[in-house]
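Please treat every number below as a calculation from the coordinates, not as lab data. All values derive from a computational prediction rather than experimental measurement. Cβ: placed from backbone, ideal geometry, glycine included. Neighbour counts: every protein chain shown.
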Ligand SMILES: [Zn+2]
Ligand SMILES: [Zn+2]
């Protein structure tokens, strides 16, 4: 019998559990097998279990993990067994039309770069398989611990994307709506990209505190004041150059359009999981003529980007680990998952150790 490993799976909509599966034995010519060391639970995992991508049958969950290379296929030269590697949540093929067009997150089809815990088993397992490993395995520098490196797999990549897509002029003003882990990394990304004024919108005290830690100059509590009015006040009545939506809700999207000055950019990093339409406030959109840009995107992957994100940690530009509010051994992953789902106990990210 094949060697067995423990995995954490979606048994069906609304149902999760620990189950044994065979250890993946053959990486295939272009793939790799990685022995997991640490992983992070993502709010997306809880969306998946609620049915966001439809029914799944014992699909291994998880898309944020790092580990040690166990084996690689004959075509893989960038890493060898024993190397510590980070693999992004998004693992494009880098050969299809959409990848070649420069949109690898949309590999083959819309959102098709997302393969872990979607179209193949994810990373909440003692071992996981990586497709197109030459393009997707990033070696972790010796000085970067796994507990930090794991943040490059989604939170740093997605949050920084929010800031990159926002086209922030150096010294410009940015508002970031919501300070969950993606919003916090958008705040940090805006600061790294040279924003002159970073305004975070958030009501939870622990998240407000982290927003300041990661570079917000101002934090607006939307339960106490109207964030759009306050943003206008802080920018001399103009509105911000760039607004980043990091929640995925009509109300914050609308506020982004309202708070952005003409010619500004609204960058969407949130997941819009409800309703058939997202509405745009017509007048704040300049009746269609405001030169405002709305830019969307899905977590960018690939080893080249991962190398740059890891370099930021290596050289002390950022330490993402204050977002780890809880740590659980893999045996307790059902408990960690419940915590992430309920958002109780001030949770931001639960780290899982293997
Ligand atoms: Zn994630
Ligand atoms: Zn592709």
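Pairwise Cα distances in the chain exceed 29 Å in 39 percent of cases. Helix 303-314 and the longest principal axis of the C-alpha atoms of the chain enclose an angle of approximately 70°. Taking 7 Å steps out from each Cα toward its Cβ at residue 311 and residue 203 produces label points 4.1 nm apart. Rounded to two decimals, the Cα-based Rg/Rh of the range 1-159, with Kirkwood Rh, is 0.95. Round to the nearest 10 and give me the degree value, 0 to 90, for the angle of helix 250-259's Cα axis relative to the longest principal axis of the chain. Roughly 50 degrees, rounded to the nearest 10. Hydrodynamic estimate: the Kirkwood radius of the range 121-255 over Cα pairs, inserted into Stokes-Einstein at 10 °C and 1.306 mPa s, corresponds to D of 99 µm²/s. Measuring max minus min along each principal axis, the C-alpha atoms of the range 264-354 give extents of 54, 35, 22 Å (largest first).
Entry for the range 1-49 at q = 0.27, 0.28 Å⁻¹: log10 I(q)/I(0) = -1.09, -1.10, Debye formula applied to identical alpha-carbon scatterers, no solvent contribution. Extension gain, residue 223 to residue 4, is 73.8 nm, computed as 0.36 nm per intervening residue step minus the present C-alpha separation.
The length gained on full extension between residue 43 and residue 279, counted as 0.36 nm times the residue separation minus their Cα-Cα distance, comes to 82.5 nm. Computed per residue of the chain from DSSP H runs no shorter than four, each worth -39500 (n - 2.57), the mean residue ellipticity at 222 nm is -7000 deg cm²/dmol.
Volume per residue of the convex hull around the Cα atoms, evaluated for the range 68-107, comes out as 81 Å³.
Against the empirical 2.2 N^0.38 Å (N residues), the range 209-293 has a Cα radius of gyration ratio of 1.10. Any idea what angle helix 181-192 forms with the longest principal axis of the chain, computed on alpha-carbon atoms, 0 to 90 degrees, nearest 10? On a 0 to 90 degree scale, this one is about 70.
I want the antiparallel fraction of DSSP beta bridges within the chain, as a percent rounded to 5. The antiparallel proportion sits near 55 percent. Counted by neighbouring Cβ atoms within 10 Å, the residues 120, 292 run from fewest to most as 120, 292. Based on DSSP, what percent of beta bridges with both residues in the range 160-296 are antiparallel, to the nearest 5? Here the antiparallel bridges make up roughly 0 percent for the range 160-296.
Remark on the range 180-235: Rg and Dmax equal 10.7, 30 Å (Cα only).
For the range 94-178, the pair-distance distribution built from all alpha carbon pairs, in bins 10 Å wide starting at 0, is 13, 36, 35, 15, 1 percent.
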